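The values are calculated or read from the model by the stated rules, or taken from the named source; none is laboratory data. These numbers were taken from a predicted model, which means no experiment stands behind them. All Cβ positions, glycine included, derive from the backbone under ideal geometry; neighbour counts span all protein chains shown. When the accessible area is computed, the model is the full protein with side chains, heavy atoms only, and any ligands, DNA or RNA have been set aside. Shrake-Rupley method; radii C 1.70, N 1.55, O 1.52, S 1.80 Å.
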Amino acid sequence: MKILCAVDDSDVSRLAVQRMGSLFRSGAKEIILLHVVDSYVVHRGRKPTASETKVLSGVSRKIEEKGKKLLHGCAERLTAALGQGKTGALPAITPLLVKGHVSDTILQWSERTGVDCLTTGSRGISDVPGYLLGSVSRKLVTHARCSVLMVKGPMRAPIPVMLALDGSKSSKFAAGKVRAWLNPDEVSICLLSVVPDRLTDLASKLLGKRQLTALMKPIRRGAQDLLRDYREKFLQAGFQVTTTLLEGNPPDQILQAAEQRPAQLVCLGSKGLSGVERFTMGSVSEWVSTYAPCSVFVLRQA
């Protein structure tokens, strides 16, 4: 597993580094720590005059030095988190300092390096100006071609993880990667399946109660079978597992379940829409990643 972790000097970024080290301790093979120096901060989007060039060069140099120190500190924290209880060789850690527009540059480097997963911290929708302007983390979830782990706050082991399943290809991919990538010593898994109410609403207008019950019975049974099958797979992989079956609007039910359990990390597959389609049409994964009260792991097949 190859990971690109975008870092800055925020608290959530530090949490992302620490949690990534424990979550992926058994699955990570290579980790790139990426810090982007936004050139707009220095130049304010304009070409400097001759008299300003020397001053701005000095400012740029100081910002880069600060970025290098930040990367060094992140590498030390990550090494410490990865080394706890691990007997084999640690993953290779590569610090990388680059310049450019933050979200665009992170996306470009995630594609250039061919990573399996992109990790970032998120301040959440409580930061109203950041939400209205479009936060970096939301842009990464919307447009990244790989899986994205969005860390919103502290996660304490054993981390309660909720994995949403619906039997689709993206769901199967997500379940397989969660089993392969996450550390069973650090997490407990709740497998969640939601029977959509869209079919129920339509059928209730056309069918009687007995016909509706007969229609829904195989759908619920299929969801129960799905949960039972995946429960066995996760048990065999050494995870602690529980299952939950709900009925209703999937994104709403996932969010409510995450609050009520409560979960510290929600994992779900992405349907594979293009970046533009995800932006214009929306998706369950984007909705959950935006409004979930906890960290979210959107698993997407590159």
For the stretch 67-116: accessible area per residue (Å², 1.4 Å): 55
Cα convex hull of the stretch 62-125, projected area averaged across orientations, nm²: 6.2
For Leu90 and Ala180, extending 7 Å from Cα along the Cα-Cβ vector and measuring point to point gives, in nm, a value of 2.5
Computed lengthening from Asn249 to Arg77, 0.36 nm per intervening residue step minus Cα-Cα distance: 57.9 nm
How far apart, in nm, are the 7 Å Cα→Cβ label points at Ser168 and Lys2? 2.7
